Amino acid sequence: MIMNSLQDTIKLNNGVDMPRLGLGVFKVEDGQEVINSVKWALEHGYRSIDTAAAYKNEEGVGQALKDSGLNRDEIFVTSKLWNSDQGYEETLQAFEASLEKLGLEYLDLYLIHWPVEGKYKESWKAMEKLYHDGKIRAIGVSNFHPHHLDDLLKDAEVTPVINQVELHPKLAQQEVRDYCEKHDIVVEAWSPLMQGQILEEPVIQELAEKYNKTAAQIVIRWDLQIGIVTIPKSTKQHRIQENADVFDFELTDEEVVKITQLNENHRVGPDPDNFDF
Ligand SMILES: NC(=O)c1ccc[n+]([C@@H]2O[C@H](COP(=O)([O-])OP(=O)(O)OC[C@H]3O[C@@H](n4cnc5c(N)ncnc54)[C@H](OP(=O)(O)O)[C@@H]3O)[C@@H](O)[C@H]2O)c1
């Protein structure tokens, strides 16, 4: 699989093209901090931004999108439905609130942020309505284990296009990836850099030295070569650029396997079977 540029896309199961690499903005403050991050990313050629109602920075993201002067159809915008907004009517309202904050007329991708027990199926019905109404180009989920997806798919009219999960070399998520591949659902990595904690890993550092790249670039390249979508976060201009400068080298198949074998099923975030928010 050869990837040449930051604008390379993957085809989702409903035919929509999504950039393989985007910018995440979790824990980025609304106002100038998020405006700058998104601005630098777009200037550098990023075309996909991952936010969420829970990040409380949709207004700043929207401002930066507007300031960029790019056409709406050149940018891929993701937001997410927060847990306390789940339920049918609540989802419809939460979606409108996100759209308004972002200052957009439609979203490219809207995700159920976490599988809230007893609620996510109702929420999905509302997501399907919004999708059929043309207000969202693609709908998906986040933090769903295969058993959550099995349950959702039993009654779903629309198959999720994406499952966004914690994924990095210490949590390679083979089971989720196998399940999603079978059901034509693209896997997207959150905390792809393990929130910075993977960068000291000797195997990664060795490869960084070999390719004259940084540890972050090695990990992001691994994401792309295992066929997932990835959204590293940074608020620093030089790192936003660095994280996207991964198209001038290719890991060998053996190196990809070596990184995957670092897996320890180790999470830095909560397990979707056991969260209390
Ligand atoms: N669906 C979910 O439940 C969920 C959960 C968590 C995250 N996400 C999404 O996934 C995105 C990414 O995950 P994340 O923000 O948790 O973690 P991450 O992208 O794995 O790591 C971000 C951390 O690494 C640092 N960093 C970034 N690039 C670097 C580089 N080149 N060299 C050294 N350090 C670097 C950043 O610091 P600086 O900012 O200081 O550069 C930040 O501390 C989020 O922003 C969000 O959009 C989704």
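The values are calculated or read from the model by the stated rules, or taken from the named source; none is laboratory data. Predicted, not measured: the structure shown is a model, and the values here were computed from it. Methodologically, a virtual Cβ is constructed for each residue, glycine included, from the backbone with ideal geometry; neighbour enumeration extends over all protein chains shown. In case anyone asks, the SASA skips ligands and DNA or RNA and just uses the protein heavy atoms, side chains included. Shrake-Rupley method; radii C 1.70, N 1.55, O 1.52, S 1.80 Å.
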- request: Name the single residue, out of those in the stretch 133-170 being touching a residue at least 24 places away in the same chain (Cβ under 8 Å) and part of a helix (DSSP H, G or I), that is farthest from L92 (Cα to Cα).
  value: P146
message: If a residue must be farther than 22 Å from L21 by Cα, open to solvent by 30 Å² or more (accessible area, probe 1.4 Å) and of a type outside the set (S, T, N, Q), how many such residues does the stretch 64-93 contain?
response: 6
statement: Pairing a residue in the stretch 30-47 that is in contact (Cβ under 8 Å) with a residue 60 or more places away in the chain with any residue that is open to solvent by 60 Å² or more (accessible area, probe 1.4 Å), where Cβ atoms lie under 7 Å and the two sit 6 or more apart in sequence or on different chains, gives W40/Q237; H44/Q241; G45/Q7
Given (1) under 21 Å from A41 (Cα atoms); (2) assigned to a helix (DSSP H, G or I); (3) free of Cβ contacts under 8 Å to residues at least 40 places away in the same chain; (4) out of contact with any Gly (no Cβ under 7 Å at 6 or more places or on another chain), number of the condition V77 does not satisfy: (2)
task: Considering only the stretch 181-277, give the helices (runs of 4 or more DSSP H) lying wholly within it that have at least 1 residues that are more than 9 Å from the ligand (Cβ to nearest atom) and closer than 21 Å to T78 by Cα.
output: 215-225, 237-244
- prompt: Which one is farthest from the ligand (Cβ to nearest atom), of the residues in the stretch 104-154 that are on the phi < 0 side of the Ramachandran plot and of a type in the set (G, A, S)?
  reply: A126
- prompt: Could you give every pair whose Cβ atoms fall below 7 Å, whose first residue belongs to the stretch 193-206 and is closer than 19 Å to K27 by Cα, and whose second residue is surrounded by fewer than 20 Cβ atoms within 10 Å (Cβ to Cβ), counting only separations of at least 6 or pairs across chains?
  reply: L193/L199; M194/K170; M194/V268; Q195/V268; Q197/V268; I198/K170
message: Filter the stretch 124-158 down to the residues that are closer than 16 Å to T78 by Cβ and in contact with a helix residue (DSSP H, G or I) (Cβ under 6 Å, 6 or more places away or on another chain) and list them by number.
response: L130, I136, I139
Pick from the stretch 45-63, criterion part of a loop (DSSP other than H, G, I, E, B) and within 12 Å of the ligand (Cβ to nearest atom), ranking: surrounded by the fewest Cβ atoms within 10 Å (Cβ to Cβ): A52
statement: Exception for G15 within (1) in contact (Cβ under 8 Å) with a residue 24 or more places away in the chain; (2) in a loop (DSSP other than H, G, I, E, B); (3) more than 14 Å from the ligand (Cβ to nearest atom); (4) closer than 21 Å to Q164 by Cβ falls at (1)
message: Suppose the filter is in a loop (DSSP other than H, G, I, E, B) and open to solvent by 10 Å² or more (accessible area, probe 1.4 Å); does E96 pass it?
response: no
task: Name the single residue, out of those in the stretch 155-173 being under 17 Å from I259 (Cα atoms) and not hydrophobic (A, V, I, L, M, F, W, C), that is farthest from the ligand (Cβ to nearest atom).
output: Q173
message: Anything in the stretch 159-180 that is within 25 Å of F76 (Cβ to Cβ) and open to solvent by 30 Å² or more (accessible area, probe 1.4 Å)? List them, or say none.
response: T159, R177
message: Cβ-Cβ under 7 Å, sequence separation 6+ or interchain: first residue in the stretch 216-230 and under 16 Å from G22 (Cβ atoms), partner in a helix (DSSP H, G or I) and away from the ligand (no atom under 13 Å from the Cβ). Which pairs?
response: T230/L224
query: If you take the residues in the stretch 23-44 that are within 12 Å of the ligand (Cβ to nearest atom) and closer than 17 Å to S98 by Cβ, which one is surrounded by the fewest Cβ atoms within 10 Å (Cβ to Cβ)?
result: F26
Sole exception among (1) more than 9 Å from the ligand (Cβ to nearest atom); (2) out of contact with any His (no Cβ under 8 Å at 6 or more places or on another chain) for V176, by number: (2)
- line: Residue count, the stretch 100-119, condition open to solvent by 10 Å² or more (accessible area, probe 1.4 Å) and touching a Phe, Trp or Tyr at 6+ places or on another chain (Cβ under 8 Å), comes to 2
